[in-house]
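The values are calculated or read from the model by the stated rules, or taken from the named source; none is laboratory data. Predicted, not measured: the structure shown is a model, and the values here were computed from it. So basically every Cβ, Gly included, is an ideal-geometry build from the backbone, and we count neighbours across all protein chains shown. Areas reflect the complete protein model, heavy atoms only, side chains present, ligands, DNA and RNA absent. Shrake-Rupley method; radii C 1.70, N 1.55, O 1.52, S 1.80 Å.
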Amino acid sequence: MARQALQCVDALDGARLELLQSRKLALDHGVVLGGVLGASSLPKLFSLLQSWILGARLVLFTASRVDANETRAMVSRTLEVASLWLQSKELHPLHPWVFRSLCALQQMAQGVLSDNAPLSKSLAVSDLFLLTYV
């Protein structure tokens, strides 16, 4: 299950790379992009980001319950992608939900890696209502 959910992490990273490339192409042609990347500006992308972040949480939840080097790599990949999104200043400002959920994803991944303990179900779904409602 974690391997399948890892596709969400890859999609999240792919979206980041495409957005960075699109921004670079726009700047190369003298177009300055601004504003908040979020629900009102790109509703389809926002919906996909919601799904992919939920899938990334599933990676952390399932991988934290299996003791294997492969799952540790999945958690590390999830942490890397969340961190890259947060470090990509070209994509900021992010919608507050996207920013908060990426920060939470990053913290959960760091916790799983450092504690070597399963991620609790209550933490994994802590703001599920907001994740699916926004």
Rolling a 1.4 Å sphere over the protein heavy atoms, what is the accessible area per residue of the chain, to the nearest Å²? 56
Per-pair calculated FRET efficiency, R0 = 22 Å: SER76 and GLN4 via Cβ, rounded to 0.05: 0.80
Sorted by mean Cβ packing within 10 Å, highest first, what order do the peptides 101-111, 68-78 take? 101-111, 68-78
Once the in-chain neighbours fewer than 8 apart are removed, the lysines whose Cα is under 27 Å from LYS24 read LYS44, LYS89
Would you calculate a helix-derived [θ] at 222 nm for the chain, using -39,500 (n - 2.57) for each DSSP H run of n ≥ 4 and dividing by the full residue count, to the nearest 500? -24000 deg cm²/dmol
Summarise the accessible area of the chain (1.4 Å probe, protein heavy atoms) by the percent that is carbon and sulfur. 59
Among GLY55, GLN110, THR71, flag the residue with its Cα farthest along the positive direction of the charge dipole of the chain, charges on Cβ as +1 for Lys/Arg and -1 for Asp/Glu. GLY55
Checking a compactness column here: for the chain, what do you get for Rg(Cα) / (2.2 N^0.38 Å), N being the number of residues? 1.08
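Could you work out the relative contact order of the chain? I mean the mean sequence separation of Cα pairs under 8 Å and 6+ apart, divided by the number of residues, in percent.
Relative contact order here is 33 percent.
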